[in-house]
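Novice: Below is one structure. I have some questions about it.
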Amino acid sequence: MMRNNDNPITLDLFADETTTTPGQVERIGEQSLVLRGFALPWLDRLLPALEAVLQAAPFRQMVTPGGFTMSVALSSCGALGWTTDRSGYRYTAHDPQTGRPWPDMPAVFRELAQAAARQAQFEHFEPDSCLINRYVPGARMSLHQDKNERQLTAPIVSMSLGLPAMFQFGGFERSDKSQRIPLFHGDIVVWGGVDRLRYHGVLPLKAGEHPRLGAQRINLTFRTAG
Ligand code: MD6
Ligand code: FE
């Protein structure tokens, strides 16, 4: 018996959005680009490296200074990892859960982040931190600014894997109106310069099943933190 639709959930996600093409570049700010599908040719190298990092530093849910447990689970690699607990947000050289240094940043992570940064004219990006965010359906990231990094002159390179998500890209005040940008498996957002302190967030992840990553979205954000 033929079914008219084998996977209605993933196919219907963002059905009302314009579809995107790998290789497409969208400018979302003066110094911010979305590079559609940019990570796709790297994934056979990148995914095994990601798995090894997560073996050494598994995802965990952290608590904000306000006492809320984040719906997004986090890990990190590189010289510095971003953490939060009751005493605040900060970068640390050690994983607070294991007491060991964060896993090294795999060469393929660094090379891909630098290649993406160059597309947006950030020629000498030297990331020392890769924050790894895991979203399951319902998980979200409320509007925030990334301002714990010492060097705000360096851009941020943010890679999406797995289920699609709706990214909010706002202004310089939390209350400014934000653009909504759907991000798909393999897309990379590069932002920096005058846009570096824009508020941004992620709407609650919709249910679905990604053929390669299952029922989750993983976001890698590369920064120069130290
Ligand atoms: C996310 N991203 O996409 C969350 N921050 O899951 C971020 O918070 C973010 O994508 C700074 C720059 C790019 C980002
Ligand atoms: Fe952020």
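Novice: Spot the failing condition for residue 147; the list is (1) within 26 Å of residue 203 (Cβ to Cβ); (2) open to solvent by less than 10 Å² (accessible area, probe 1.4 Å), and only one is missed.
Specialist: For residue 147, the exception is condition (2).
Novice: Going through 99, 138 one at a time, which residue ends up being within 16 Å of ligand 1 (Cβ to nearest atom) and surrounded by fewer than 13 Cβ atoms within 10 Å (Cβ to Cβ)? Give the steps one after another, and end with the answer.
Specialist: On the way: 99 fails: within 16 Å of ligand 1 (Cβ to nearest atom).
Exactly one of 99, 138 is within 16 Å of ligand 1 (Cβ to nearest atom) and surrounded by fewer than 13 Cβ atoms within 10 Å (Cβ to Cβ), namely 138.
Novice: Could you check residue 128 against (1) open to solvent by 50 Å² or more (accessible area, probe 1.4 Å); (2) closer than 25 Å to residue 64 by Cα; (3) more than 15 Å from ligand 2 (Cβ to nearest atom) and say which number it fails?
Specialist: (1)
Novice: What are the pairs, 6+ residues apart or on separate chains, where a residue within segment 70-90 that is acidic (Asp, Glu) has its Cβ under 7 Å from a residue that is surrounded by fewer than 24 Cβ atoms within 10 Å (Cβ to Cβ) and part of a strand (DSSP E or B)?
Specialist: 85/62; 85/63
Novice: If you check 203, 152, which single one turns out to be open to solvent by 30 Å² or more (accessible area, probe 1.4 Å), farther than 21 Å from residue 135 by Cβ and within 15 Å of ligand 2 (Cβ to nearest atom)?
Specialist: Numbers: 203 fails: farther than 21 Å from residue 135 by Cβ.
Matching residue, one of 203, 152: 152.
The values are calculated or read from the model by the stated rules, or taken from the named source; none is laboratory data. On a predicted model such as this, the values are computed, not experimentally measured, just so you know. Cβ sites come from the backbone with ideal geometry, for glycine too, and all protein chains shown count toward neighbours. Accessible surface is based on the protein model in full, side chains and every heavy atom, while ligands, DNA and RNA are left aside. Shrake-Rupley method; radii C 1.70, N 1.55, O 1.52, S 1.80 Å.
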